[in-house]
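Enquirer: I'd like to ask some things about the structure below.
What follows draws every value from the coordinates through simple rules; no lab data is involved. This one's a predicted model, so the numbers in the text were calculated from it and none came from an experiment. Reconstructed Cβ throughout: ideal geometry from the backbone, glycine too, with neighbour counts over all protein chains shown.
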Amino acid sequence: MNKNIKLAVAGAVLALSATANAGIIIPAGEWTMDINGNVNAFANYTSVDAASGTRGTDATSSTFLAVDRNTGNNANKAIGINTGLLPAWLGFTGTTRQNDVDVSFTISMQPNVSDNTFAGDNRTPLFRQTFMTFGDKSWGSIKLGKDIGIFASDAILNDMTLLGVGAGATGSGYGANAAGGASGQPTTLGGIGTGYIYAAWKGQVAYTTPNMNGFQATVGITNPNQGHGTGNQDRYGFEGKASYSFAANDVTGKVWVSGASYDVDTKASTTYALSSTDGSTTTYTTTTVSANNYTASVADIGANLNVAGFGLTGYYYSGKGVGSTLLGLDAVAADGSRRDSDGGYVQATYVLPIKTKIGAAYGISKLDRAGGDTSGLLKENERYTIGAYHPLTKHLNLVAEYNNVQSQDHGNYKAENKTYSAGAILFF
């Protein structure tokens, strides 16, 4: 499997302790073509518990991953068969070496499994990668195009739920009645919003250093679109990361740090937030947000250690004006004040003698009040995960997970959902 697709696919294989393998290699003149990817599908069942307390009138419903859905048809549960956190994937990468320069291109598509609409085929396939690279192992490489973001990419690639589902059906911001995933989205959330901010897929120009005895760094500029309700922006986003990987006998590990900074210009706008649900009618409150300019900044640190079948991962992030779940979502108060946010996750895994990997994880994402925020603002999303991942063959892995997500606002509102999932993921 080529170097670039490993970033999004083989990271999941390595998380299982299997060896990343090449895809379908085809010589084509001066080029070598690599066709690779995965197919996965999971049966998901999410039960949504009745909430306690009263939802605040300024509730930021988009970041509640658990919410009282005991209203309407089938509203206290979500069932479906769809992809997990990692979408089904079909990637095409061509590589060649010309004039002492390694040159490559990658184009990929992410088809869907199903949705809960009448015809079952309303979701649009994703196209997450279209980029080129050129470089040499002596001086590094340059990437131009769309690929996974630099900041927080290691957080999601080290999440064991990348092989499975993680947080499945979600709160009112995404729709608890989805087919096991976020409403309108072809994937589930894994640990996004319950331990880390989504790295997303961004247009970028990035430089990666050569590997210097395990140390490597990447810096880049990104499309300046990482702010909710943004207008014109006066600079690109800046993202970067540095990592150190090590191996000694049966001990392997990696330590990394990354960060991002964006200038955000917001236009004056009216926002809508969920106020209450009486079983048949959902009402919304409106808030007028003033035009504003601010800098969103965030940094993280993480580490992964593996020894004798045991694996341990720890991760933490902290930001200002970056919100929760998605970079820029619910980042500022109505008066333009930046909200602080932080979170992280810990994860432990063990490979049994039968080669089944079992794991447990805890993650949390917090959002602080700012400006005129009151009790209805999201306070935290918390997740507990237990999973089992078994390599039935060299390429086919069976997966079973239990995920519990609890959400709480700054007042007395609390909600909880539980997702049970079972399925398989096949890499090629």
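Enquirer: What FRET efficiency, computed as 1/(1 + (r/R0)^6) with R0 = 45 Å and r the Cβ-Cβ distance, is obtained for Ala388 and Arg235, rounded to the nearest 0.05?
Expert: On the way: r = 46 Å, r/R0 = 1.02.
Plugging the Cβ-Cβ distance into 1/(1 + (r/R0)^6) gives 0.45.
Enquirer: Would you list Ser243, Ser407 from fewest to most Cβ contacts within 10 Å?
Expert: Ser243, Ser407
Enquirer: Return an integer: the convex hull volume of the alpha-carbon atoms of region 352-428, in Å³ per residue.
Expert: 104
Enquirer: What ranking of Met132, Met212 emerges when the number of other C-beta atoms within 10 Å of each C-beta is taken as an exposure proxy, fewest first?
Expert: Numbers: Met132 15, Met212 10.
So the ranking, lowest neighbour count to highest, is Met212, Met132.
Enquirer: In terms of Cα to Cα distance under 20 Å, which lysines are near enough to Lys137, apart from those fewer than 8 places away along the same chain?
Expert: Those lysines meeting the cut-off are Lys3, Lys6, Lys241.
Enquirer: Just want the ordering: Glu30, Glu401, from fewest to most Cβ atoms lying within 10 Å of their own Cβ.
Expert: Working: Glu30 10, Glu401 27.
Taking fewest neighbouring Cβ atoms as first place, the list is Glu30, Glu401.
Enquirer: Give the cross-link partners of Lys418 among the lysines, using a straight C-alpha distance below 16 Å as the criterion and excluding same-chain residues fewer than 8 apart.
Expert: In chain and number order, the partners are Lys77.
Enquirer: Treating cross-link reach as a plain straight distance, find the lysines whose alpha-carbon is under 17 Å from the alpha-carbon of Lys379, omitting any fewer than eight places away in the same chain.
Expert: Reachable lysines: Lys320, Lys366, Lys414.
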